[in-house]
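Notes follow the structure.
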Amino acid sequence: MQLSKLDIKNIIKGDEKMKRLIAVLMAFAMLFALTACGSAPASGETGGDSKTVDVGIVLPTKDEPRWIQDETRFSEALGSTDYSVEILFSQGSSAKEKENVDALIAKGIKVLIICPHDGDAAASAVEAARKEGIKVISYDRLITGTDAVDYYVTFDSIAVGEAQAKYLVDQASGSGNPLYLYAGAASDNNAFLFFEGAWNVLQPKIADGTFVIKNSSEAVALQGKAKLTRDEMGKIIGQVTTNWDFNEAKNKAEAHLTAAQAADKGNVFILAPNDGTARAIADAFAADPAVTSYKVTGQDAEKASVQYIIDGKQSMTVFKDVRTLVKDSISMAVSLLEGKEPQTTGSYNNGKIDVKAKQTEVIVVKADNVKSALIDSGYYPASDFTNLK
């Protein structure tokens, strides 16, 4: 069939009308999609306008019970305010942490609460926030090497280490008691503060022969010094770090036991930095037939470790009531949002400036006060544990 010029013109006109119709329909579809997106809050956000976020929170990882617990406490605390919040996890990656902060900056946050994976590496992230006029609260771990930190909310980390060491000293008698030292991650400023506190209490008892260090040549070389520089602590921590990792702690403890002589075992005393590593180290020492008994420290009052304490597998934990820490953080953030000066109780030098801090007290929990410290206070229900007395 042959088409005339008139037929071809009509077809073209029809195509143009169809194109205009399709364009109009697509515009309506896009408008509907945008309206639908704006009507629901973004994932991980609580309250407020979904297009902007007032408070951004960045936590280190979802792989440890402690930080999941913190997420829950933050959500509960912010539920009673009129401010919107988004909580993100960095999964042990400083690069991811920076991405999280950038994403929150793009959402218009006014306050950033951040617990850094690596205190030094987090400096670039908070400096980006500072450039946008965002107030920065370093949470639980101090961000170091930058002046872009406004406040620090923390437990008294030196007091934590001192409490752990005091427990070991109180349990020891006689002389020559084998002492095994373990520490957190060298990238975490808190690991140094915990160790500093522990060394304050342990060193005099090492010097007088009550304890004998069995797993760190660096600590042995420095055992005559009551006060250590950061570099000196770094040498020791470098030898005995667990990197806050359960498996690394277990492997390191097993390696130390393999290298140790029978005389280095018997009734042993173990400085473990937190509950996760304490359970791993305890399991390794309990499995060694040459270990007659062990005393091992911890911190965070994780449920698994509380059960270990009840069962006699872990000796103690330092309870840091996250409810109080979160409450202090939110109170500080709200003060900043309202243009007020937050309450502080001290300061910490981060290598660049003295950062104003709000400190929270800690409690030592042993088998004889699990119920009063953790159950009666409403922190955990009794039903979470077995054989509780």
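Each reported figure results from applying straightforward, stated rules to the coordinates on display, with no laboratory input. Keep in mind the model is a prediction, meaning the values are calculated, not measured. Note: ideal-geometry Cβ built from the backbone for every residue, glycine included; neighbour counts use all protein chains shown.
For T345 and K227, what does the FRET efficiency come to when R0 = 22 Å and r is the distance between their Cβ atoms, rounded to the nearest 0.05? So, using R0 = 22 Å, E works out to roughly 0.40. Amide H contacts under 5 Å for N177: F211, V212, restricted to partners 5 or more places along the chain or on a different chain, H placed in the peptide plane at 1.01 Å from N.
Fewest-first ordering of T360, T258, T324 by other beta carbons within 10 Å of each residue's beta carbon gives T258, T324, T360. Partners of K131 within straight-line reach, counting lysines whose Cα lies under 17 Å from its Cα and excluding those fewer than 8 residues away in the same chain: K98, K107, K110.
Entry note, the chain: relative contact order of 14 percent, from Cα contacts under 8 Å with a spacing of 6+ residues. Going from the residue with the fewest nearby Cβ atoms within 10 Å to the one with the most, H117, H256 rank H256, H117.
Remark on the range 160-285: hydrodynamic radius 14.2 angstrom, per the Kirkwood mean of 1/r across alpha carbon pairs. Each Cα pair under 8 Å and six or more residues apart adds its separation to the average, and for the range 159-266 the resulting relative contact order is 32 percent.
Here are a few candidate values for Rg and Dmax of the Cα atoms in Å: (i) 22.0, 72; (ii) 27.5, 114; (iii) 20.5, 63. Which one was actually calculated from the structure I just gave you? Identified label for the calculated read-out: (ii). Helices in the chain that qualify as membrane-span-like (whole DSSP H runs, Cα extent of at least 30 Å along the helix axis, mean Kyte-Doolittle hydropathy of 0.0 or higher) are 5-38.
Under the shape rule built on the C-alpha gyration tensor, where the axes satisfy a ≥ b ≥ c, the range 258-389 is oblate, since a/c reaches at least 1.5 while a/b does not exceed b/c. When each of R141, R130, R230 is scored by the number of other beta-carbon atoms lying within 10 Å, the sequence from fewest to most is R230, R130, R141. Figure legend: label point modelled 7 angstrom from the Cα of D147 along Cα→Cβ; residues of the range 341-372 with amide N under 20 Å from it are 347-357. Relative contact order, whole percent, for the range 333-374 stands at 24, derived from Cα pairs under 8 Å and 6 or more residues apart.
Count the net charge of all other residues whose Cβ sits under 14 Å from the Cβ of L257, scoring Lys and Arg as +1 and Asp and Glu as -1. Residues near L257 contribute 0 overall. Which of the pairs K62/K214; K166/K265; K225/K366; K62/K135 have their Cα atoms more than 28 Å apart in this structure? Pairs exceeding 28 Å: K62/K214; K225/K366. Under the convention that each Lys and Arg Cβ holds +1 and each Asp and Glu Cβ holds -1, the size of the dipole of the range 229-287 around its Cα centre is about 60 debye.
Residue-wise HN-Hα couplings along the range 344-351, as the Karplus relation 6.51 cos²θ - 1.76 cosθ + 1.60 with θ = phi - 60° gives them from phi, are 10, 10, x, 7, 10, 7, 9, x Hz; Gly and Pro carry x. Only one residue of G161, G378, A172 has its Cα farthest out toward the positive end of the dipole of the chain, where Lys and Arg carry +1 and Asp and Glu -1 on Cβ, and that residue is G378.
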